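K.L.:
Quick one: the structure is below, questions incoming.
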Amino acid sequence: MRVTRPGSGVRTKICGLTRLSDVAAVSEAGAAFMGLVFFPKSPRNVSLPQARDLALAAPVGLAKVALLVNPDDALLDAVTGTVPLDMIQLHGTETPERVAEVRTRTGLPVMKAVGLRDAADLPILDRYVDVADQVLVDAKPPEDASLPGGNGVGFDWRLIAGRKWKTPWMLAGGLTPDNVSEAVRLTGARQVDVSSGVESAPGVKDARLIAAFCTAASGQ
């Protein structure tokens, strides 16, 4: 049974699901999106058969998002040909032109992740608002990080306080059940994304943390 949480209207995305129990927990918590990671270096990486099983277990209304890092056409075709999806999330160094190509090739809406560390990074966001269906405003990974996201690091939310983009956007980077309410208050975000912040160990989702995150994000 999926729980719908009215209230603030903030939508949540829980990324990096690997087990059927994760899908159930995300659904029960009332999240709007579930993310499946296709990146071998990540502890949340899933195989195509595994991802298909997870996607098929999702109830109607829970959007299925594939996270890909600089995918070539072969990988795009393999993922979209195997897994029923609602959106592609590009989390690499894809150019605006590549984002447009992915939209055309897959026929799916595309969310482009952009990492921020300081104000100098903000103009990069503007390059994608005309081509992506959504923009994921994330923290830049540490210099020595092997993962483009899911590192549990944040950025100064004041960088985007009061900013408006014509494209829907989602806030990510270091969010947890303890800080997501404050992040929403400071940034005005209407969508938030979490991965490591709801885990008991790298790649292991915790149903209680997922529920707590969704409750905190919605202001309840």
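The values are calculated or read from the model by the stated rules, or taken from the named source; none is laboratory data. The structure presented is a predicted model; accordingly, all values stated were derived computationally and were not measured. Methodologically, a virtual Cβ is constructed for each residue, glycine included, from the backbone with ideal geometry; neighbour enumeration extends over all protein chains shown. Accessible surface areas use protein heavy atoms only, side chains included; no ligands, DNA or RNA. Shrake-Rupley method; radii C 1.70, N 1.55, O 1.52, S 1.80 Å.
K.L.:
Just to verify a number: FRET efficiency for ARG185 and LEU20, C-beta to C-beta distance, R0 = 35 Å, to 0.05?
P.N.:
Once rounded, the FRET efficiency stands at 0.55.
K.L.:
In whole Hz, with x marking every Gly and Pro, tabulate ³J(HN,Hα) for region 166-177 from phi via Karplus 6.51 cos²θ - 1.76 cosθ + 1.60, θ = phi - 60°.
P.N.:
6, 9, x, 9, 10, 9, 9, x, x, 6, 9, x
K.L.:
Keeping every protein chain present and rolling a 1.4 Å probe, give me the accessible area per residue for the chain in Å².
P.N.:
On a per-residue basis, 44 Å².
K.L.:
Here's another thing I want to ask about it. Using the Karplus curve 6.51 cos²θ - 1.76 cosθ + 1.60 with θ = phi - 60°, what ³J(HN,Hα) values do you get for each residue of region 19-26, in whole Hz, with x for Gly and Pro?
P.N.:
10, 4, 5, 5, 4, 4, 5, 5
K.L.:
How big is the dipole moment of region 29-122 about its Cα centre under a simple scheme where the beta carbon of each Lys and Arg is +1, that of each Asp and Glu is -1, and everything else is neutral? Debye, nearest 20, please.
P.N.:
For region 29-122, the charge dipole is close to 240 debye.
K.L.:
Are there trypsin sites (Lys or Arg not before Pro) in region 1-109 that DSSP puts in a loop and that have at most 16 other Cβ atoms within 10 Å, and which ones?
P.N.:
The qualifying sites are ARG2, ARG19, LYS41.
K.L.:
Hey, another quick one. Over the chain, with every protein chain in place, what whole percent of the accessible area is carbon and sulfur at 1.4 Å, could you tell me?
P.N.:
After summing per-atom areas, the C and S share lands at 53 percent.
K.L.:
Candidates (i) 17.8; (ii) 18.4; (iii) 17.1; which is the computed Kirkwood radius over Cα pairs in Å?
P.N.:
Here the calculated entry is (iii).
K.L.:
Something else: In whole Hz, with x marking every Gly and Pro, tabulate ³J(HN,Hα) for region 213-218 from phi via Karplus 6.51 cos²θ - 1.76 cosθ + 1.60, θ = phi - 60°.
P.N.:
5, 5, 5, 5, 5, 7
K.L.:
Find how much the distance from GLU28 to THR93 grows on full extension, using 0.36 nm per residue of separation minus their present alpha carbon separation; answer in nm with one decimal.
P.N.:
Result for the pair: 20.0 nm of gain on full extension.
K.L.:
Continuing with the same structure: To the nearest 0.05, what FRET efficiency results for ALA201 and ARG163 with a Förster distance of 35 Å applied to their C-beta separation?
P.N.:
Result of the calculation: an efficiency of 0.50.
K.L.:
Around TRP169, which amide H atoms from residues at least 5 apart in sequence, or from another chain, sit under 5 Å from its own amide H, with H modelled in the peptide plane?
P.N.:
Here VAL135 satisfy the definition.
K.L.:
If Lys and Arg each add +1 and Asp and Glu each add -1, what is the summed charge of the other residues whose beta carbon sits under 9 Å from the beta carbon of THR18?
P.N.:
Local net charge: +2.
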